[in-house]
Amino acid sequence: MTKVEEHREQSLTEAGDTAGLSALISRAARAGKGLPPVERWNPDFCGDLDMEIRPDGTWFYLGTPIGRMPLVQLFSTVLRKDADGKTYLVTPVEKVGIRVVDAPFVAVEMNVSGKGDEQVITFRTNVGDVVEAGPEHSMRFVDEDETGGLKPYVLVRGRLEALVARPVMYELVEHGEEIEIGGELMFAVRSGGEVYPIMPAEKLRRLSA
């Protein structure tokens, strides 16, 4: 067996550094040809990888932050969150588990176009995804009990979400309005023909008092 053949048979869990992981994933991702069809791949589970995505979007491998954004972007293309609630790196031949502290992506920029029912909110993530909030990319708002704050999320693809960064969240709520939903007056935002409730309008008034 040649060294090249030996390297190609190495698995994700055996790769000793980010360069090895990058080489393996590049072959699966087919760089430059769009996102790989990870939702259609059903490989065997091959164990967990010592990789973690922190709440600020920083990726760690073997306890060390991955400083090269092209590597992070490459790894992000083969992410998949399954029905079991766990997140994996997936190639056609194997699936390995990684840790995600909050959401795998962070929405770091937004743009708003249109008004009223025609309003569209577009987000850019830290790894370069651009999504328009709407039927295919829903939003949700979660109360942060420990701080009394609010955490917005937008669906990027599959079950993978982006946490809206705090500065972007402040910009987002500036486009909120009071809308009656299910008989209750809610503070909400519109995008792509959908309405996303943030909190009861009465609660917002109490917090603003």
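The values are calculated or read from the model by the stated rules, or taken from the named source; none is laboratory data. Just so we're clear, the structure is a prediction, and the values are computed from it rather than from any experiment. Counting neighbours? That spans all protein chains shown, and the Cβs are built from the backbone with ideal geometry, glycine included.
Quick rundown of the values:
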read-out	value
Hits in region 61-119 (condition: touching a strand residue (DSSP E or B) at 6+ places or on another chain (Cβ under 8 Å), β-branched (Val, Ile, Thr) and part of a strand (DSSP E or B))	Thr87, Val90, Val96, Ile98, Val100, Val106, Val108, Val112
Glu109 being in the same structural domain as Gly176 (by TED's automatic domain parsing) and either closer than 16 Å to Val156 by Cα or buried (at least 19 other Cβ atoms within 10 Å of the Cβ) (or both)	yes
Some residue of region 178-194 being in a strand (DSSP E or B), touching a residue at least 12 places away in the same chain (Cβ under 8 Å), out of contact with any helix residue (DSSP H, G or I) (no Cβ under 8 Å at 6 or more places or on another chain) and under 14 Å from Glu136 (Cα atoms)	yes
Test: residue in region 101-109 that is of a type in the set (Val, Ile, Thr), modelled with pLDDT of 95 or more and within 22 Å of Gly47 (Cα to Cα)	yes
Selection count, region 122-141, where residues are out of contact with any Pro (no Cβ under 8 Å at 6 or more places or on another chain) and part of a strand (DSSP E or B)	9
Output for region 47-65, where each listed residue is buried (at least 18 other Cβ atoms within 10 Å of the Cβ) and of a type outside the set (Phe, Trp, Tyr)	Leu49, Met51, Ile53, Gly57
Unmet criterion (only one of (1) in a helix (DSSP H, G or I); (2) touching a residue at least 40 places away in the same chain (Cβ under 8 Å); (3) over 30 Å from Gly34 (Cα atoms); (4) not acidic (Asp, Glu)) for Leu204	(2)
Options Glu194, Glu94, Glu132; residue that is surrounded by 15 or more Cβ atoms within 10 Å (Cβ to Cβ), assigned by TED's automatic domain parsing to the domain that holds Asn42, under 27 Å from Asp82 (Cα atoms) and of a type in the set (Asp, Glu)	Glu94
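To keep it simple, each residue is scored yes or no on (1) over 26 Å from the mean Cα position of the chain (by Cα); (2) under 21 Å from Asp145 (Cβ atoms).
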{"site": "Leu172", "(1), (2)": "no, yes"}
{"site": "Gly182", "(1), (2)": "yes, no"}
{"site": "Arg190", "(1), (2)": "no, no"}
{"site": "Glu202", "(1), (2)": "yes, yes"}
